[in-house]
Amino acid sequence: MDPSSAKHANLVAAWKHGDDGAGAELFRQSYAPVARFYRSKVGPSAPDLVQRCFLRCLEIRHRIREDASFRCFVFGVARNVLLEHYRGQRANARIDFTEQTVEDLSPTPTSELAHDEQSQLLLQALRRLPVDQQIVIELYYWEDLNAREIAEIYEVPEPTVRTRLRRAKLRLEEELCALVQAPQSGAQPSIGLEAWARRLRAELDRSPE
Amino acid sequence: MSQLDSTGDDERPISELLLGGRPEDDRAEQKGAQLECEALLAKLFPAQVSRPKLGRYDVLELVGEGGMGTVFSAYDPRLDRRVAVKLLRRAAEAKDQRHARLLREAKALARLSHPNIVTVHEVWEEDGEIYIAMEFVQGEDLARWQREPRPWREVLAVYRQAGEGLAAVHDAGMVYRDFKPHNAIRRDGDGVVKLLDFGLARVEIHPTDPSPEAATSSHPTGEPRSPSSNDRLTRPGTIVGTPAYMAPEQLRGLSADAHSDQFGFCVALWEALYGQLPFAREPSAGSPSLDDRERVEPPREPGVPGWVRRVLERGLAREPVERYPSMHALLRELARDPAVRRRRALSVATVGLLTVGGGLVIAELRAEAPTACVELRAFWDPERREAAHRGVLEAAGMAAEQTWEALSPRLDRHADALADAREQTCEGHRRGLVPDEHYALRVACLARREAGFSELVERLGRADQGTVLNANKAILSLPPPSGCDDVEVLLAEQPPPDDPAVAARVALLRQELARVATEESLGSFESAAQRAATVLEEAGALHYEPLRAEALVRRGSALMQARNPDAMGPLDEALWLALTTEQRAVAAEAAAKRIFVRVELQDRTADVSEAIAIARALVDRSGAADWRIRWALDNNVGVALWRRSEQTGALAAFEDALAWIPEAGDEGTFERATTLRNMGSVRFRQGQARQAIEGTQQAVESLTALLGSQHPELRDVEANLAVMLRMGGRYAEAAATLTAVLERYRPPELPPLWMLLERARLDLLREDLDGALAWCRRAAPQLAQPGQPVTFWDHWFLATEASVAAARGDATGLHGLEVMAQTAGPEAIGLVLGRTKVLLRLGRPAEAEALLIPLVDSPHYGEWDRLLLHLLLGEALVAQQRWSEAEARLSPLVPADARQSQLEPLERAQALQALAQAEAGQGRAASALHHAEQAIETLRGFDADSPAMRQARDTLAQLQRSTPAPPIEPEPLP
């Protein structure tokens, strides 16, 4: 278990007793994982979603159980906010469509496109997973959450999470192979998935630990 | 939303997240994330967490991040304003060298002050990081802005601003390197476009020799050259930019210069105009054929003129030397409508001849930017509205209220549209969106529109009945203010002369012509023709040919409306003149109207083909925005063909004419009614009575909506409908319709004689003799008094009265007709027809024959009258049982194909019945029965109880009785 959990529990207790400084500290510590969580999924909307996520946490802080992991609570909220975001995008299909078109038309700067193609491949593969599989993988590899903690976020039994995790890994490897075999890329995944995923996390991560 | 993003990419791909992973960048990255976090916490916990500081600025929130840095919105407490602060993200270069360069360039950029570049307030270094504070711009970037389709002129105006920004960058000796729609922001509110500084990290100082030759001459084949040490100094280690907008030389890894920016600018503008990139596929970095993209044809549909495309194509040339020498040169080309050039060429010919100055200067033509845009609507203030209302009420009697009810909302709407157009044009100009030369043209155009409107309002204030009755038609005929948006058309059709004094005079004369057009549509044709002649004279004195062409077409049009065959002269001259001045719409209008004059006024139907061909070619080429010209052409062609008895062609032309009329709104009501009426007449002649009547009924409906049911014009149309109904044998409907029309005439106004007599005729046809006499009595007061000239209608009145008497076996009416014939001459058709019919009714066919024989082939009569006389002669012969002579007269009248027959159904049925009797008399029973049945068939659609139908059935029954075998089934009747 994460050694910070005990510290979190104290902060949660203080916050619920009216110490907003404790709340700020909790958010400060959760900021990097939450930002990472959104950055890998929604790109430029990430700052907005980070804010929405924290705002939601603030609103429902009375529901935080002192005996439960604050990180699990935050990720649960983060996931809900993300799904709302996706639903909102779908509801407005026209905007969704045009954004797609614009992305096609205005590709990103090619600056250093060739830089670490392998990490890029992994990210691409991740984005091809269904959202929940992507989340499971990231929580497991990047946030070092174990199956029990993930089960807490999803509010499902632990064995279900293990099954999901297995499926997600299989699917990720399939996607990776498909990407590698695609004619536009010559790169081969040369290291194991786990090591790779961890390295990717390091690259995504922009905040001090 | 505020948008200030360091790359402007609103869809930042995940791959980019990896790019900052270099160790030397971590600090800036971490600093950014920390600021982001603290700014958010300060918002969520304002009491516990204070806003993070960047320099002297309080960070508010993150507004964007990208490859080149992170941008925060911040507050400057010292100057009490919002700013944007960018934390530069560094790329792969040796840190010290790059650091110094970045700082130097940022400071160079800070010195750059231009309305189309975001202003840099401050550049500073803190903890080894570089920060830039700049103007905070609330707006949307062009990528977002151009997702919605925009008119090409608006796109051009917006991009020209961005282009000015680029030109300023170049003037300062820098290159932007990554121009794309994301990097320019259009400010909310005033629409000013500003280049974001985000080229910053990519901005580089020109090599010592910035000329294009230096950049390209060493590798003319376009082969990538391997980076030499020199190159490394001037370009970053890897390709930087956005491939879709990058110039071929950039994609080949060569150094970018001002020409590369020009290329990117043209790609973006192309995309904004045509909705797609100019090249078939976007290249991907590393592809060997990176710069070898295929040009795609832009879609034709958006209506972007060819000259714009040609300018862009040069800017998109593969070789930098083939592009424009500078952004300035490109922008100059983009600012130059060819129509402007045409105007200039034209004025060269006139400028030396000027004699008139007049000292008149119109402010509008000087294109000074107004300091404020006030609502100018003196042309429709409450006072004028009230005067117009009073004028209408006083002039128009009972139609007045209805007219005003329909008219006043139209006046209000038009006035609103004019005021809006003024304001928009003014605002647009004030904000720099409408260039000076366009502004002047638009304002002059709107002044003409206002003059046309004012003429209408003023005329209403002192209206006579005619003015009021035409007022609704006139307001709909006013050209809409929106026409003033199309600067190209304005330049082509109303080119202003260059000399300011002449231009001022010409502008006033054009306003006068707009008034003349209004007067014409109000029905004051003589006065309109006269005023047009005055303008024509002045235009001649100014030696300004375009204005002469405009005045000529107005004069010709007014004369045409007055049914004056002299209209041909000015219309011909207008046509030839407009062809030389290239005023295509003027030429097209003149050409379309010539057709009408030739056919209707000069009666030269035979040689109208050439006029039609000329008009078609001109109207097709005019690109006329005004649908009325296209409508008028097709409608007039239809009339011409109709007059030439080419019914099918006429119908097709009328269909074409209808297709030009806008579906929405009431703008085209009058034109639609006109063409529908014409179609009704043609269809009727073709025997398509039902369609003809339906079409005419539609015309009645739309005219009622336009003019109000009390409008005199409707009486005529509905009376015509009654005639059609009568010809179709729908006597009851016809009588009801016509009675309703007649009831709308209230003393002292008298219904026209012909309507009363038509009404009497309907009663006669239904054998309501009392009714017929009553209508005749109503008509009596309008007959010619002793000493007054006698008309056809006087004859027709006597004939009707005599017919009614004869139907009662009374021969007294015949005497009056004979007395009248002694003074009117033997050939007066009304009297001949009346006398013959009365004689036949009275059972005196020999006298009828004697009367007809000398007249029946007289060239004095028209085709139709001649046929009627033959029919009556045939009937007289039948009555005398001279069967073969009768048959010889009658059979040419009833060709087997009913559509070939020129007789109305009733007359045709009469001819068929008489023919059947003649055949039966000669023992040709089968043929007789056939024709008797045909008579009944001809009367299909007639009221079942009408005397005509009864008579036809009696004839058939009689023939069947006298013909024992074979028995023939009578055809069931509808």
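Of all the numbered requirements in (1) of a type outside the set (Val, Ile, Thr); (2) crowded, with 22+ Cβ neighbours inside 10 Å; (3) modelled with pLDDT of 80 or more; (4) more than 43 Å from the chain's Cα centre (by Cα), B:Asp141 misses one, and that requirement is (4).
With the condition kept exactly as written, say whether any residue in the range B:482-495 is over 20 Å from the mean Cα position of the chain (by Cα) and farther than 27 Å from B:Glu394 by Cβ. Full working, then the answer.
First pass over the range B:482-495, keeping only residues over 20 Å from the mean Cα position of the chain (by Cα): B:495.
The next check asks that each one be farther than 27 Å from B:Glu394 by Cβ; those that pass are B:495.
Yes, the conditions are met somewhere in the range B:482-495.
Among the residues making up the range B:683-699, those that are under 18 Å from B:Val741 (Cα atoms) and either under 24 Å from the mean Cα position of the chain (by Cα) or touching a residue at least 40 places away in the same chain (Cβ under 8 Å) (or both) are B:Gln698, B:Ala699. Taking each residue of the range B:32-52 that is over 18 Å from A:Ile60 (Cα atoms) and more than 7 Å from chain A (Cβ to nearest Cβ) and looking for partners that are small (Gly, Ala, Ser) and surrounded by 21 or more Cβ atoms within 10 Å (Cβ to Cβ) with beta-carbon atoms closer than 6 Å, six or more apart or interchain, yields B:Pro52/B:Ala39.
Rundown of residues vs (1) among the polar types (S, T, N, Q); (2) outside any helix (DSSP H, G or I); (3) within 23 Å of B:Leu552 (Cα to Cα); (4) in contact (Cβ under 8 Å) with a residue 60 or more places away in the chain, yes/no style:
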residue	(1), (2), (3), (4)
B:Leu460	no, no, no, yes
B:Thr467	yes, no, no, yes
B:Val489	no, no, yes, yes
B:Leu509	no, no, yes, no
B:Thr518	yes, no, yes, yes
B:Ala529	no, no, yes, no
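Taking the range B:672-726 as the range and being polar (S, T, N, Q) and closer than 27 Å to B:Thr938 by Cα as the test, the residues that pass are B:Asn678, B:Ser681, B:Gln686, B:Gln688, B:Gln691, B:Thr696, B:Gln697, B:Gln698, B:Asn720. Among the residues of the range A:125-136, those identified as in contact with a Phe, Trp or Tyr (Cβ under 9 Å, 6 or more places away or on another chain) and either in the same structural domain as A:Arg79 (by TED's automatic domain parsing) or surrounded by fewer than 21 Cβ atoms within 10 Å (Cβ to Cβ) (or both) are A:Val131, A:Asp132. The residue that is farthest from the other protein chains (Cβ to nearest Cβ), among those in the range A:25-70 that are of a type in the set (Phe, Trp, Tyr) and farther than 14 Å from B:Leu40 by Cβ, is A:Phe70. When the residues of the range B:708-741 are filtered to those that are touching a residue at least 60 places away in the same chain (Cβ under 8 Å) and charged (D, E, K, R), the one that is nearest to B:Glu405 (Cα to Cα) is B:Glu713.
Among the residues of the range A:148-177, the ones that are part of a helix (DSSP H, G or I) and closer than 15 Å to A:Gly76 by Cβ come to 8 in all.
Listed conditions (1) surrounded by fewer than 21 Cβ atoms within 10 Å (Cβ to Cβ); (2) within 12 Å of another protein chain (Cβ to nearest Cβ) are all met by A:Ala9, apart from (2). For beta carbons closer than 9 Å, sequence separation of 6+ or different chains, a first residue in the range B:149-172 that is surrounded by fewer than 22 Cβ atoms within 10 Å (Cβ to Cβ) and a second that is among the hydroxyl-bearing types (Ser, Thr, Tyr) and modelled with pLDDT under 85, the qualifying pairs are B:Ala168/B:Ser113; B:His170/B:Tyr176. Within the set A:Leu49, A:Leu122, A:Leu139, A:Leu145, the sole residue that is in a loop (DSSP other than H, G, I, E, B), in contact with a Phe, Trp or Tyr (Cβ under 9 Å, 6 or more places away or on another chain) and modelled with pLDDT of 55 or more turns out to be A:Leu145.
The values are calculated or read from the model by the stated rules, or taken from the named source; none is laboratory data. What you see is a predicted model, and the numbers here were worked out from it, not measured in a lab. Note that we place each Cβ from the backbone using ideal geometry, even for glycine, and neighbour counts take in every protein chain shown.
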